[in-house]
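The values are calculated or read from the model by the stated rules, or taken from the named source; none is laboratory data. As the structure is a computational prediction, the values presented were derived from the model and not from experiment. When we count neighbours, we look across all protein chains shown, and the Cβ atoms used for this are built from the backbone with ideal geometry, even at glycine.
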Amino acid sequence: MTKRIVPRPPEDGRLARIARGIRSLAKGMRVTMGYFLRPSRIVTEQYPENRATLKMTDRFRGNLEMVHDANGDHDCIACGLCEKACPNASISVLCTKSLAGKKVLGKYVWRMDSCTLCGLCVEACPTGAIRMGREFENATTDKASLERVLNRKEGRS
Ligand code: SF4
Ligand code: SF4
């Protein structure tokens with residue numbers, strides 16, 4: 001097989017390269033000056049300085065949480081559908097039995113380290129007892145803190 005020789009494109013002269021560099025610099029400076037003169041157009045968040053006022057968007061998913069009312073009660077009926085729906089086995093619904101023999105929630109354990117925040121558990125829940133939360137400062141060196149109990153109280157019988 002014969003090797004095809006592709007000719008190299010002619011190189012620009014020195015002046016053309018300098019002119020190209022100046023044009024590119026001017027383009028960058030125009031953008032920089034635009035934001036300098038109109039700071040309201042800047043979209044970059046000054047994190048962590050704005051930590052107190054920073055609001056995540058409605059669709060942001062940072063954690064899983066159980067919805068509680070003012071009395072600290074929740075609507076989880078310990079059906080286990082969220083546990084079954086989770087592709088990563090990140091949820092354990094540990095049940096107990098009420099005096100009437102009814103299944104009630106004992107502990108709702110969520111493991112953040114294996115959760116991909118896909119939201120399938122929330123979709124599967126028939127009572128709306130869980131939802132995706134907007135926590136975003138979840139980095140830690142304490143692995144134990146990645147396993148959370150989401151219910152504040154045992155379920156109601
Ligand atoms: S968000 Fe997804 S990965 Fe995380 S616990 Fe729910 S179903 Fe599992
Ligand atoms: S959170 Fe919802 S789906 Fe999961 S056990 Fe409780 S009621 Fe069932």
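Taking the numbered list (1) closer than 30 Å to Val31 by Cα; (2) more than 19 Å from the chain's Cα centre (by Cα) in turn, Pro48 passes all entries but (2). Listed conditions (1) within 11 Å of ligand 1 (Cβ to nearest atom); (2) of a type outside the set (S, T, N, Q); (3) surrounded by fewer than 17 Cβ atoms within 10 Å (Cβ to Cβ) are all met by Phe136, apart from (1). Only one entry in Arg59, Arg30 is under 27 Å from the mean Cα position of the chain (by Cα) and either surrounded by fewer than 16 Cβ atoms within 10 Å (Cβ to Cβ) or touching a residue at least 40 places away in the same chain (Cβ under 8 Å) (or both), namely Arg59. Selection of first residues in the range 97-126 that are surrounded by 16 or more Cβ atoms within 10 Å (Cβ to Cβ) and of second residues that are among the acidic types (Asp, Glu), restricted to Cβ pairs under 6 Å at least 6 apart or on distinct chains, gives the following pairs, ordered by first then second residue: Gly106/Glu154; Arg111/Glu147.
Residues in the range 121-137 that are touching a helix residue (DSSP H, G or I) at 6+ places or on another chain (Cβ under 8 Å) and either of a type outside the set (A, V, I, L, M, F, W, C) or under 26 Å from Asn50 (Cβ atoms) (or both): Glu123, Pro126, Arg131, Met132.
So that you can scan it fast, the table gives a plain yes or no per residue for (1) assigned by TED's automatic domain parsing to the domain that holds Ser92; (2) touching a Lys or Arg at 6+ places or on another chain (Cβ under 6 Å); (3) more than 26 Å from Asn71 (Cβ to Cβ); (4) near ligand 2 (Cβ under 10 Å from one of its atoms):
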position	(1), (2), (3), (4)
Gly106	yes, no, no, no
Arg111	yes, no, yes, no
Cys118	yes, no, yes, no
Thr127	yes, no, no, yes
Arg134	yes, no, no, no
Ala139	yes, no, yes, no
Lys143	yes, no, yes, no
